[in-house]
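Enquirer: If you scroll down you'll find the structure; I have some questions about it.
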Amino acid sequence: MDATPDELAGVVDLFGGLTRGELEDALAEVAFRAGDSVDDGVLRVRIDEAVDAFALVRYDHDETDEPLLVAGPAAFPTTPDHAEDLPHILDVETRRLDRETLAAVVSERFDRAVDRAVADGDDERGARLIEVSYDLEAWGSIDASDQRDRLDGLLE
């Protein structure tokens with residue numbers, strides 16, 4: 001099973017958020033139910049790529065020892081085939097998230113990503129971050145216009 005960023009977001013969204021280990025277990029269950037398997041190395045890369053693309057975001061949650069992965073602003077959460085029963089199969093309670101805190105955390109991470117792209121002169125990353133800025137505004141009611149202006153300056 002080679003999950004897309006949107007499918008990863010769809011799985012975590014079933015629970016509000018999952019730790020990395022819980023997400024890996026959930027995807028192994030989905031793959032098993034589909035008669036498939038999961039390559040752990042590929043899955044780690046896919047999760048990291050989804051985090052890098054803001055499809056998943058890390059969120060420190062009081063109830064877990066490690067950060068949760070939560071559907072991010074650039075995701076269009078899609079529940080993969082054979083995942084609909086995961087909430088009944090996995091021993092994971094639905095998590096309630098403080099959306100305001102989550103938005104602040106993601107906004108800070110976005111600011112750091114913009115700083116890095118501008119400092120590195122990374123046009124390609126800057127163009128992707130402009131797209132994320134619009135998603136961020138809709139997802140978290142965050143004004144990203146100043147960062148978008150900085151990115152526009154990078155691309156000129």
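The values are calculated or read from the model by the stated rules, or taken from the named source; none is laboratory data. None of the values given here were measured: they were computed from a predicted structure. Note that each Cβ is placed from the backbone with ideal geometry, even for glycine, and that neighbours are counted across all protein chains shown.
Enquirer: Under 9 Å by Cβ, and 6 or more places apart or on different chains, what pairs join a residue from the stretch 70-85 that is on the phi > 0 side of the Ramachandran plot with one that is surrounded by fewer than 17 Cβ atoms within 10 Å (Cβ to Cβ) and hydrophobic (A, V, I, L, M, F, W, C)?
Expert: Cβ pairs passing all conditions: His82/Phe32; His82/Ala34.
Enquirer: Just name the residue that is nearest to Leu14 (Cα to Cα) out of those in the stretch 61-106 that are part of a helix (DSSP H, G or I) and among the charged types (D, E, K, R).
Expert: Arg99
Enquirer: With respect to the numbered conditions (1) buried (at least 16 other Cβ atoms within 10 Å of the Cβ); (2) outside any helix (DSSP H, G or I); (3) of a type in the set (Asp, Glu), which one is the sole condition not fulfilled by Asp36?
Expert: Condition (1) is where Asp36 drops out.
Enquirer: Let me ask something additional. Report yes if Ala50 is farther than 23 Å from Val11 by Cα and not β-branched (Val, Ile, Thr), otherwise no.
Expert: So Ala50 fails the test.
Enquirer: Val92 is checked against (1) surrounded by 13 or more Cβ atoms within 10 Å (Cβ to Cβ); (2) modelled with pLDDT of 95 or more and fails just one. What number does that condition carry?
Expert: In the conditions (1) surrounded by 13 or more Cβ atoms within 10 Å (Cβ to Cβ); (2) modelled with pLDDT of 95 or more, Val92 misses (2) alone.
Enquirer: Filter the stretch 119-150 down to residues that are modelled with pLDDT of 95 or more and β-branched (Val, Ile, Thr) and give me whichever is surrounded by the most Cβ atoms within 10 Å (Cβ to Cβ).
Expert: Val132
Enquirer: For the stretch 2-26, give me the residue count where each residue is in a helix (DSSP H, G or I) and either hydroxyl-bearing (Ser, Thr, Tyr) or within 12 Å of Thr79 (Cβ to Cβ) (or both).
Expert: 9
Enquirer: Right, something else. Regarding Asp98, is this residue among the charged types (D, E, K, R) and either over 23 Å from Thr19 (Cα atoms) or modelled with pLDDT of 95 or more (or both)?
Expert: no
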